[in-house]
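*Asks:* After the structure tokens below, expect a handful of questions from me.
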2 protein chains.
Amino acid sequence: MYQRKIPEMLDCGLAVAVKVIGGKWKAWILDCIRRGVSRPSAIHREMQAVNARIINLHLKELEEAGIIYKEIFAEVPARVEYRLTPVGESLLPVIDVLEQWGNTHKDYINRNHADYASGNCQFLQQSN
Amino acid sequence: MYQRKIPEMLDCGLAVAVKVIGGKWKAWILDCIRRGVSRPSAIHREMQAVNARIINLHLKELEEAGIIYKEIFAEVPARVEYRLTPVGESLLPVIDVLEQWGNTHKDYINRNHADYASGNCQFLQQSN
DNA sequence: CAGGGCAGGGATAATTTTTTCCCTGTCCCG
DNA sequence: CGGGACAGGGAAAAAATTATCCCTGCCCTG
């Protein structure tokens, strides 16, 4: 693990939530697990675009946070499945809220971004 | 502005939402503005811990996304106030949900993190 | 035995974000 | 005029995150 040089402020609820869900692929991973795509190799297949190494790192972070946990079957060969902890379950509706807000406003935001770049933003005050 | 080398995937609502709210200090800034701390210098005072330069960068990003806009009063000396756009307003309940989830679970998460580090995590399977 | 799926991680690089430092102006007050 | 509040940004660094490459083992199948 990487040793932080600047301490985090995890006393604020928002900071904690963003920390947990804010990783680049965390939400996607959680969505996989929620849908039952729970084995590492399955998740890797599902997320072709993302390097397996990184998915593992994110999985570990989610595990450290207590959002998911690992079930290791004493089979041969050993099988691993990730599952949501209760707190992980409680995160799902939050993700849904984010997802829904994003879907509702993503066009606006992307358009605004483009307009801002070209100076056409509706909120840009004219300098007269 | 920094020129991205890897394109973003902003078709997913969740990615957009995280992008908007995920910056290190964005939510804090939005909270300031929501509470009426709307002038740059006032925000800087409120967020002593954070360098003014960064706050400005975040403000610009929020502005580009169309979450806030700048009102420049033609006074002398020029006065600036940031305000939430309608879409920015619509983000507030989302932030509240995040904040509330975080506050409810931050102790668990911090504890779990510590336990995980010391091998005491309730979800850690024992290797027998 | 050769090859492949599976779980996992070290070392290192690339990219992105955050931070620091310091500069430009304008204005007001004393 | 000197000092300070105000709005803003360039340049470069440090820090953090994400990405790439390649390795270890175990097992199974052919």
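*Asks:* First compute the accessible area of segment B:57-128 with a 1.4 Å probe, then give the percent of it belonging to carbon and sulfur atoms.
*Replies:* Whole-percent figure for carbon plus sulfur exposure: 51.
*Asks:* If I fit a long axis through the Cα atoms of helix A:52-65 and take the longest principal axis of the Cα atoms of chain A, what angle between them do I get, 0 to 90°, rounded to 10?
*Replies:* Between the helix axis and the principal axis of chain A, the angle is about 90 degrees.
*Asks:* Let's see if you can work this out: charge +1 on each Lys and Arg Cβ, -1 on each Asp and Glu Cβ, no other charges. What is the dipole magnitude of the protein assembly as shown about its Cα centre, in debye to the nearest 20?
*Replies:* Charge dipole, the protein assembly as shown, about its Cα centre: 660 debye, nearest 20.
*Asks:* Put a point 7 Å out from Cα along the line to Cβ at residue B:96; what are the distances to that point in the other copies, in nm, shortest first?
*Replies:* 1.9
*Asks:* Then there is this: Could you check the spin-label model distance between residue A:104 and residue B:120? Points 7 Å from the Cα along Cα→Cβ, value in nm.
*Replies:* 4.3
*Asks:* Based on the Cβ-Cβ distance of residue B:70 and residue A:4, what FRET efficiency does E = 1/(1 + (r/R0)^6) give at R0 = 41 Å, to the nearest 0.05?
*Replies:* Efficiency for this residue pair is about 0.75.
*Asks:* Other chains near B:88-101: what is the mean number of their Cβ atoms within 10 Å of each residue's Cβ?
*Replies:* Partner-chain Cβ atoms within 10 Å, mean over residues of B:88-101: 5.
*Asks:* Heavy-atom accessible area of residue A:11 with all protein chains present, probe 1.4 Å, nearest 10 Å²?
*Replies:* 110
*Asks:* Note the distances from residue A:113 to each other copy's matching label point, with points 7 Å along the Cα-to-beta-carbon direction, in nm, sorted shortest first.
*Replies:* 2.8
*Asks:* For segment A:106-120 and segment A:1-74, compute the distance between their C-alpha centroids and round to whole Å.
*Replies:* 31
*Asks:* I need the inter-copy label distances for residue B:51: point set 7 Å along Cα to C-beta, values in nm with one decimal, smallest first.
*Replies:* Distances between equivalent label points, in nm: 2.7.
*Asks:* A further question on this structure: Hey, if you drop one equal point scatterer on each alpha-carbon of chain B and run the Debye formula without solvent, what base-10 log of I(q)/I(0) do you get at q = 0.19, 0.23 Å⁻¹?
*Replies:* -1.11, -1.35
*Asks:* What would the Debye formula give as log10 I(q)/I(0) at q = 0.20, 0.23, 0.25, 0.29 Å⁻¹ for the alpha-carbon point model of segment A:87-128, no solvent?
*Replies:* Computed log10 I(q)/I(0) values: -0.67, -0.75, -0.81, -0.91.
*Asks:* Just for the Cα atoms in the protein assembly as shown, what are the lengths along the principal axes, largest first, rounded to whole Å?
*Replies:* Reported extents, whole Å, longest axis first: 76, 34, 30.
*Asks:* A follow-up question, please. Which net charge results for the neighbourhood of residue B:82, defined as the other residues with beta-carbon distances under 11 angstrom from its beta-carbon, given Lys and Arg at +1 and Asp and Glu at -1? Don't skip to the end; give the middle numbers.
*Replies:* Working: positive: B:34, B:39, B:60, B:70, B:83; negative: B:63, B:71, B:81.
Result for the local shell: +2.
*Asks:* Go through B:32, B:12 and list them by solvent-accessible area, largest first, probe radius 1.4 Å.
*Replies:* From most exposed to least exposed: B:12, B:32.
*Asks:* Another question about this same structure. At a Cα cut-off below 28 Å, give the lysines reachable from residue A:106, other chains included and same-chain residues fewer than 8 away excluded.
*Replies:* List returned: A:19, A:24, A:26, B:5, B:19, B:24, B:26, B:60, B:70.
The values are calculated or read from the model by the stated rules, or taken from the named source; none is laboratory data. Computed from a predicted model, the values in this text were never measured in an experiment. Counting neighbours? That spans all protein chains shown, and the Cβs are built from the backbone with ideal geometry, glycine included. Keep in mind that these areas ignore ligands, DNA and RNA; they rest on the heavy atoms of the full protein, side chains included. Shrake-Rupley method; radii C 1.70, N 1.55, O 1.52, S 1.80 Å.
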